[in-house]
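*Asks:* Below you will find the structure I want to go over with you.
Read-outs: derived from the displayed coordinates by stated rules, not from any lab. Quick caveat, the model's predicted, so the values are computed rather than measured. All Cβ positions, even for glycine, are placed from backbone atoms using ideal geometry, and neighbour counts span all protein chains on display.
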There are 2 protein chains.
Amino acid sequence: MKKYSREEARKIINELLVEIFNRILAIEGQNLKDKGIKLSMSEVHVLEAIELTEEPTMSNIAKRLGITIGSLTTAINTLYQKGYVLRERDPEDRRKVVVGLLPKAEEVLKEHDSFHEEMIDSIFEEMELEKDELLIESLDKLSSYFKK
Amino acid sequence: MKKYSREEARKIINELLVEIFNRILAIEGQNLKDKGIKLSMSEVHVLEAIELTEEPTMSNIAKRLGITIGSLTTAINTLYQKGYVLRERDPEDRRKVVVGLLPKAEEVLKEHDSFHEEMIDSIFEEMELEKDELLIESLDKLSSYFKK
DNA sequence: AAAATATAATTTGAAGTTCAAACTATTTGA
DNA sequence: TCAAATAGTTTGAACTTCAAATTATATTTT
């Protein structure tokens, strides 16, 4: 009854990891270019992380992104120069720097979000995935597993 | 009956894209370090691509990796210096360069493979994924979709 | 309260990855 | 044959990231 051996499962997941992931990033990057947005995917990920982080200090954002605070500093420097974010010291604890999104960044994220939405819609349509409910459930578990 | 809205599905896939894949890459990179292997994940991906490419010329490998031939040249330069690959002109068509794996590379790939195997086993065990068959089928479709 | 320690962020210098464009060598086709 | 196409390499630049040194602020210890 089993159609996929463990070996095949490994191969498929490996493929997703090394090929598909990069391909999706490339597609998204191209989409930004097409829209005339002069940001790299890494920069968009930083913006996303800022949006999703409860208390968006340098440390918290870096932690979410899995990069060092030093790396984030340089990323924020350029995003600041380009007018996407603002930064200010936390008055409560002046060691902390709180980062905020400017309207220009919100626009990009909105754009990026709707691109994602479209991509996912077309995946589900073209894939003829009747069992999408189960796929999402599984992906969710996969996601949770790696967050442990 | 549907438990996940399209909005939630988008969120989960987005999470996989921007967080989980990077985390897996980091875990794999750490594993290489732990084993004393002085290669980056990109370099391992190049070795994998060489292994999987039918006729491993520079163009074919670069195409599989989705990078330019120029980028691959620099990657192969360092892998050559480190003693992982050999390169030689194709006698049939002396414009072509055929790349081959040296034993040192085969070892790394074996190591990397068994790490993957273990990782996937533990995913399936700890996730209690009774529906793993369907997950793989779905991931397979997802993979195929992006290869179009 | 002063000194020592811990925390938060920035700066600096270096390495790795990637690209585009210019260039070399070889093959193919008109 | 000679022009065009193909296969790779080289070069110079941009970007991402890190580790280590440094600065500033807060907390803890004595």
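*Asks:* Output wanted: per-residue J couplings in Hz (rounded whole) for region B:135-143, from phi through Karplus 6.51 cos²θ - 1.76 cosθ + 1.60, θ = phi - 60°, x for Gly and Pro.
*Replies:* 4, 4, 4, 5, 4, 4, 5, 4, 4
*Asks:* What is the sum of charges around A:Ile50, taking Lys and Arg as +1, Asp and Glu as -1, for the other residues whose C-beta is under 12 Å from the C-beta of A:Ile50?
*Replies:* -4
*Asks:* Using Cα pairs under 8 angstrom and six or more residues apart, how large is the relative contact order of chain B, in percent?
*Replies:* Relative contact order comes out at 16 percent.
*Asks:* Hey, got the Cα dimensions of the protein assembly as shown along the principal axes, in Å, largest first?
*Replies:* If we take the Cα atoms of the protein assembly as shown, the spans are 66, 48, 39 Å.
*Asks:* Kindly write out, for region B:43-57 in residue order, the coupling ³J(HN,Hα) from the Karplus curve 6.51 cos²θ - 1.76 cosθ + 1.60 (θ = phi - 60°), rounded to whole Hz, with x marking Gly and Pro.
*Replies:* Taking θ as phi minus 60°, the curve returns 5, 5, 5, 5, 4, 4, 5, 4, 4, 8, 8, 3, 10, x, 8 Hz for region B:43-57.
*Asks:* On to the next question. In the structure shown, do any of A:Lys33/A:Lys104; B:Lys63/B:Lys96; A:Lys33/B:Lys141; B:Lys35/B:Lys141; A:Lys35/A:Lys110 have a Cα-Cα gap over 22 Å, and if so which? Spell out each step's value before the answer.
*Replies:* On the way: A:Lys33/A:Lys104 16 Å; B:Lys63/B:Lys96 14 Å; A:Lys33/B:Lys141 28 Å; B:Lys35/B:Lys141 34 Å; A:Lys35/A:Lys110 12 Å.
Where the Cα-Cα span goes over 22 Å, the pairs concerned are A:Lys33/B:Lys141; B:Lys35/B:Lys141.
*Asks:* May I ask you to list the residues of region B:100-125 whose amide nitrogen lies under 16 Å from a point 7 Å from Cα along the Cα→beta-carbon direction of B:Tyr80?
*Replies:* B:100-102
*Asks:* Ok, one more. Would you calculate the separation in nanometres between label points at B:Glu125 and B:Leu52, each defined as 7 Å from the Cα along the Cα-to-beta-carbon direction?
*Replies:* For the pair B:Glu125/B:Leu52, the computed spacing is 2.6 nm.
*Asks:* In addition: Please list, in order, the residues from region A:14-57 whose amide nitrogen is less than 17 Å from a point placed 7 Å along the Cα→Cβ vector of A:Thr73.
*Replies:* A:57
*Asks:* What's the longest piece of chain B with no exposed GluC sites (Glu not before Pro), counting a site as exposed if DSSP puts it in a loop and it has at most 13 other beta carbons within 10 Å?
*Replies:* B:1-53
*Asks:* Calculate one ³J(HN,Hα) per residue across region B:77-88 by plugging θ = phi - 60° into the Karplus curve 6.51 cos²θ - 1.76 cosθ + 1.60, and present them in order as whole Hz with x for glycine and proline.
*Replies:* 3, 6, 5, 5, 4, 7, x, 9, 9, 10, 9, 8
*Asks:* Would you mind checking the radius of gyration and Dmax of chain B based on alpha-carbon positions, in Å?
*Replies:* 18.6, 63
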